[in-house]
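A short write-up of the structure that comes next.
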Amino acid sequence: MRLIAHRGFALTFPENTRYAVQAAADVADLVEVDVRRCGSGELVVVHDETVDRVTDGTGRVADRRLPELRDLDVFDSGEPIPTLAAVVDAVPAEVGLVLDLKEADVAADAPEIAATADNDVLVSATDAETLAAAQDAAPGVPRAVVFDRDPEQGLRLARDFECAAVHPHHESATPGLVERCHVGGFSVHAWPVADGATAARLAEANADGVIADRPDVLESVPGGA
């Protein structure tokens, strides 16, 4: 099974930081990060619409200019919110990248930035608008649809936008769903995985990978690490 570092292993390292992705790349097959546009136009790596949860600051990412974001401290780690370009530069070429696009308007820019690196890139999103934008902007970059509790809608989007993979919530990733996805030609990477028991269940379901919050979740899975 592939080990995909969710936000750079969010329960182990300060999520979505340059430090996290560098550390995660030592053990992960791919590193997943979240992409948004900040107030001055650059693409930055942060999950939430606001900086409140992850930093010592407050306010919407879209209202903050890049120099302001660089002055913030992610979880008292000394790490700022990084640009996507900085994160891409920090991941070795042999480690893949999953760019989770949080807004449709970043779809045109994110694949272009990732193309400056030698990494294999997969872009993911939850909604039709963003998947369509990604497909239009970079049809040659593989896509994945992320979904939580509605597998039918997820599969519908995967078919509509010719996705290479689906990223279901781990509770939705039953053996039956995984089989349906494989028949449809989609790889299955389940999220968020924080323990070995969940990883083992997904391995038994024949999932192709886990989007994990910890680097050790596959240690007890036969052939997993």
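For the chain, adding -39500 (n - 2.57) for each run of n ≥ 4 DSSP H residues and dividing by the number of residues yields -7500 deg cm²/dmol at 222 nm. At most 13 other Cβ atoms within 10 Å and a DSSP loop assignment: could you name the trypsin sites (Lys or Arg not before Pro) in the range 30-63 that fit? Taking the range 30-63 and a limit of 13 other Cβ atoms within 10 Å, the loop trypsin sites (Lys or Arg not before Pro) found are R53.
Taking the charge dipole of the chain about its Cα centre, with +1 at Lys and Arg Cβ atoms and -1 at Asp and Glu Cβ atoms, the residue from A85, A25, P111 reaching farthest to the positive side is P111.
Projected label points at R60 and A164, each 7 Å from Cα along the beta carbon direction, are separated by 3.3 nanometres.
Just checking the listed ones, E204, E79, E179: in the Gaussian network model of the chain with Cα springs under 10 Å, the one fluctuating most is E204. In the P(r) worked out for the range 147-189, what percent of Cα pairs fall beyond 12 Å? More than 12 Å apart: 51 percent of the Cα pairs in the range 147-189. Once the Cα-Cα distance is subtracted from the 0.36 nm per residue extended length, the Y19 to D127 segment shows a gain of 36.0 nm.
Diffusion coefficient (Stokes-Einstein, Kirkwood radius over C-alpha pairs, 37 °C, 0.692 mPa s) for the range 1-68: 263 µm²/s, rounded to a whole number. For the chain, the relative contact order comes to 19 percent (Cα pairs under 8 Å, sequence separation of at least 6). Taking other C-beta atoms within 10 angstrom as a stand-in for reagent exposure, H189, H169 fall in the order H169, H189, fewest first. By the count of other C-beta atoms within 10 Å, a proxy for reagent exposure, R214, R70 are ordered fewest to most as R70, R214.
Extension gain for R156-D118 works out to 10.6 nm (0.36 nm per residue, less the C-alpha to C-alpha distance). Think of each Lys and Arg Cβ as +1 and each Asp and Glu Cβ as -1; about the Cα centre, that makes the dipole of the range 1-58 roughly 100 debye. Estimated from the Cβ-Cβ distance and a Förster radius of 35 angstrom, the FRET efficiency linking D48 and N206 is about 0.60.
The slack between L11 and F75, meaning 0.36 nm per residue of separation minus the straight C-alpha distance, is 21.9 nm. Shown is the FRET efficiency for D148 and D105, computed with R0 = 22 Å from the Cβ-Cβ distance and rounded to the nearest 0.05: 0.45.
A short reminder: the numbers here are calculations on the coordinates, not readings from a lab. If you're wondering where the values come from, they're calculated on a predicted model, not measured in any experiment. Positions of Cβ are generated from backbone atoms using ideal geometry, with glycine treated the same way; all protein chains shown enter the neighbour counts.
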